[in-house]
Amino acid sequence: MEMNRRYFLKLSGAIAAPLLIKGNTSALASEPPRISAEAVGCLVDTTECVGCRKCEQACNERHGLDKPRESFEEMTVLENERRPDETSYTVVNKYYPKNIGSLTWRNRPSFVKFQCMHCNDPSCVSACIVGALTKQPDGPVIYDAAKCIGCRYCMIACPFQIPAYEYGKPLTPQVRKCTFCFEYIKDGGLPACAQVCPREVMTFGRHSDLLKLARRKMKDNPGKYVDHIYGEYEVGGTSWLYLSSEPFESIGFPKLGTKVPPRLTEAIQHGLFQYFAAPIGLFAILGGMMWFSNFYKKNPENNTSEKGDKT
Ligand code: SF4
Ligand code: SF4
Ligand code: SF4
């Protein structure tokens, strides 16, 4: 087929239009992850925690993480608020009561174990453009290092500031966070932290049963807990749930709405991704047009459209 400028312009229009339309619809969001009715979770009763750090140690050992500078027997570390990082998938913090009130437990510090909340509709999953983070139907949010490109959008997206990056390993850095010990629980095992806790602060089980248990504890112990199960509704719900005798914002939990943030981050990320694809197509088309233009300038005898082609 003879290629002329009009044919090329028609062809380029046909290619460009879907690219531009695709760019304009980039904010379309995908379906939220499907979660099984049997999905598991963990209920953390912070009123039972004594801050012994055995959970931190068990997690560190199970996952072969670097040993901390101070031993797990060192209790002074509790005096400074810490965040989970690439060598500590979970940390325990100590919060002094700010608001002595009628609740019976408010005359002592609260100890709170933090880790990834394994959100029902996780921002980290939504922000990851290569699918390196996925929400499993049975609860855990897991990471595939082989897919990760190190963009760290997950770190920006997480409302709990959980994913950590191995900046100290420039050749093989990975994103690190609590795995929910999914390699063990899928075979009927327990998360190491829940297994070791001498106070049975964490109850592992079916998420729907944990919500019932939390409500029963609140009903059976009037005055012991604030009337709030953290994670029941926050950011669309989380696999890890918490009970407390203190308002959650005074024991390190961010005050978050019930709306799922992923749809927004997803729109941004996928928008960027699609707009990235569109310019590549357009640049290819524009490059081709420039090539044709130069070609016809040098070879005007081939330009049939300028010789009366009206089609
Ligand atoms: S092992 Fe249990 S009691 Fe000890 S710090 Fe962890 S959650 Fe608290
Ligand atoms: S807490 Fe953060 S890292 Fe964990 S699942 Fe939710 S968004 Fe992802
Ligand atoms: S569930 Fe597993 S990975 Fe997560 S904090 Fe507990 S022991 Fe660590």
Task: Rounded accessible area of Y89 (nearest 10 Å², 1.4 Å probe) - done: 10 Å²
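Could you tally the net charge around N120, taking each other residue with its Cβ under 11 Å from the Cβ of N120, Lys/Arg +1 and Asp/Glu -1?
Details: positive: R34, K135; negative: D121, E232, E234.
Cβ neighbours under 11 Å give a net charge of -1.
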TODO: Could you please put I35, I162 in sequence from largest to smallest accessible area, using a 1.4 Å probe?
DONE: I35, I162
Task: Net dipole in debye of segment 40-259 [+1 Lys, Arg Cβ; -1 Asp, Glu Cβ; about Cα centre; nearest 20] - done: 340 debye
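Label segment 193-238 by shape, choosing from rounded, prolate and oblate, from the square roots a ≥ b ≥ c of the eigenvalues of the Cα gyration tensor; if a/c is under 1.5 it is rounded, and otherwise prolate applies when a/b is larger than b/c, oblate when it is not.
Values: a/c = 1.78, a/b = 1.12, b/c = 1.59.
Oblate shape, in that a/c is at least 1.5 and b/c is the bigger or equal ratio.
Could you tell me the relative contact order of segment 40-259? Use alpha-carbon pairs under 8 Å, at least six residues apart, and round to a whole percent.
Details: 412 pairs, mean separation 62.0, N = 220.
Normalised by residue count, the contact order of segment 40-259 is 28 percent.
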Open item on the list: As a quick test, which of the pairs K54/K255; K94/K255; K94/K135; K67/K169; K54/K219 have an alpha carbon distance above 22 angstrom in this structure?
Closed with: K54/K255; K94/K135; K54/K219
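Protein chains only, probe 1.4 Å: how do D66, D227, D138 rank by accessible area, largest first? Present the calculation step by step, with values, prior to reporting the outcome.
Working: D66 95, D227 145, D138 65 Å².
The ordering from most to least exposed comes out as D227, D66, D138.
Excluding ligands, DNA and RNA, what is the solvent-accessible area per residue of segment 40-259 at a probe of 1.4 Å, expressed in Å²? Present the calculation step by step, with values, prior to reporting the outcome.
Details: 10370 Å² over 220 residues.
Value returned for segment 40-259: 47 Å² of accessible area per residue.
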- [ ] Check the straight Cα-Cα distances from K224 and name the aspartates and glutamates below 14 Å, setting aside those fewer than 8 residues away within the same chain.
- [x] D45, E48, E246
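The values are calculated or read from the model by the stated rules, or taken from the named source; none is laboratory data. Everything numeric here is computed off the predicted structure, so don't read it as measured data. In this analysis, Cβ positions are derived from the backbone assuming ideal geometry, glycine residues included, and neighbour counts consider all displayed protein chains. In case anyone asks, the SASA skips ligands and DNA or RNA and just uses the protein heavy atoms, side chains included. Shrake-Rupley method; radii C 1.70, N 1.55, O 1.52, S 1.80 Å.
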